[in-house]
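One structure is given below, encoded as structure tokens.
Here, each number is a calculation from the coordinates, and none is a lab measurement. Bear in mind that the values here come from a model prediction, so they are computed numbers and not experimental data.
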Amino acid sequence: MSGEHMSSERSLITGINGFVGKHLAKHLLGKGHEVFGIDIQETCAVSGCSYFQANICDNAVIDRIFHKVNPTGIFHLAGVASPSGFQMTPFKSFQINIMGTIAVFDAMRTQCAAAKLLTVGSSTEYKTVDLHNSLTEVSPLEPMSFYGVSKYTVEIIGQYYVRHHGLDIRFTRSFNHTGPGQGPEFVCSDWAKQVAAIENKGATPQITVGNVNVAIDFSDVRDVVEAYALIMEKGKSGEVYNVCGRNKISLNYILEYLIKKSASNITVATDKNKVAAPNSTAEIIGDNGKLCRETGWTPKIPFEKTLDDVYDWWVEELKKKKTSSGES
């Protein structure tokens, strides 16, 4: 296996085909890990990994996979990641995020109790935000959406497994992150795709947006997966870590930056459905001091490069679709 150095780590990623899962798999492969993945699709999106197709809620199947792999580290990413998805299908979404996570925790308990596990939470677990202070890990928790409730519940259940079963589980409350390959249901990717479509396909030069008068804490997904790996390497069982950029990036700035990539005279229209999205008016700024102190992590990728890479990814994706459809 190629990489910076060889490693004895056997890392299992649930949700490996997701946006973050693909980036994490590539990062771990680069560090010399043997990488295994679980997801619902027939094939793995990342080459060089051993793959298992499975429903994360099928506890018997998850047990068998954990027994076969016997991982040293488990990165639990599988779940419904979109707050809007939760609003549309709450029953199914809660089942996946909560019962699927219990299946993972219990498979670890019975099949590989000596392993370490990272479960990824969300900044949406926090109470309504204090606009004057960054959120730390001891800030009050009071989820304001179904998605946040599911992540908060998972954290409580995970802490139970730590206390009562002695498992080594670490937790994140991850803030907004973006990067190449993210789906268009998230703001940066949505706007980048719309601008790329205008340039690639001659679409109507108009972008639809929600509330742009907001500043949000954004990180690059490639910095985020490095943080996840470092928490597994240097973090502590039972501890929670904010994974965030500790910054305040205006959505207006992002919109203007992406629009400048087009030669067209793009107009902006407000979509009431986007404005009404959960947490669309919240200013979410995090404090990453604990993560930086305990693991040595620091974000490295400038946000403008992140936006450049998101836009370039969409340009290439839309070209591929145009070619496959036979359009000139």
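Laid out as a table, the results:
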read-out	value
Debye-sum result for the stretch 228-275 in log10 I(q)/I(0), which assumes one identical scatterer on each alpha carbon, at q = 0.18 Å⁻¹	-0.75
Part-to-part distance (alpha-carbon centres) for the stretch 124-175 and the stretch 216-252, which is given in Å	14 Å
Mean Cα-pair separation over length for the chain, i.e. relative contact order, pairs under 8 Å, 6 or more apart, %	17 percent
Sorted largest first, extent of the stretch 24-171 alpha carbons per principal axis (Å)	46, 34, 31
Estimated translational D of the chain in µm²/s (Stokes, Kirkwood radius over Cα pairs; 10 °C; 1.306 mPa s)	77 µm²/s
Part-to-part distance (alpha-carbon centres) for the stretch 286-320 and the stretch 180-210, which is given in Å	18 Å
Dimensionless Rg ratio for the stretch 82-238, taking C-alpha atoms and the 2.2 N^0.38 Å reference	1.21
Dmax and Rg, reported as Rg then Dmax, of the stretch 190-299 (C-alpha, Å)	17.7, 53
Cα Rg, Dmax (largest Cα-Cα span) when computed across the stretch 88-162, Å	14.1, 46
Of all DSSP beta bridges in the chain, antiparallel share, percent nearest 5	10 percent
Estimated 222 nm signal from helices in the chain, with DSSP H stretches of n ≥ 4 weighted -39500 (n - 2.57), rounded to 500	-13000 deg cm²/dmol
As computed over the stretch 200-253, the Cα convex hull volume per residue (Å³)	139 Å³
Calculated over the stretch 15-86: convex hull of Cα atoms, volume per residue (Å³)	91 Å³
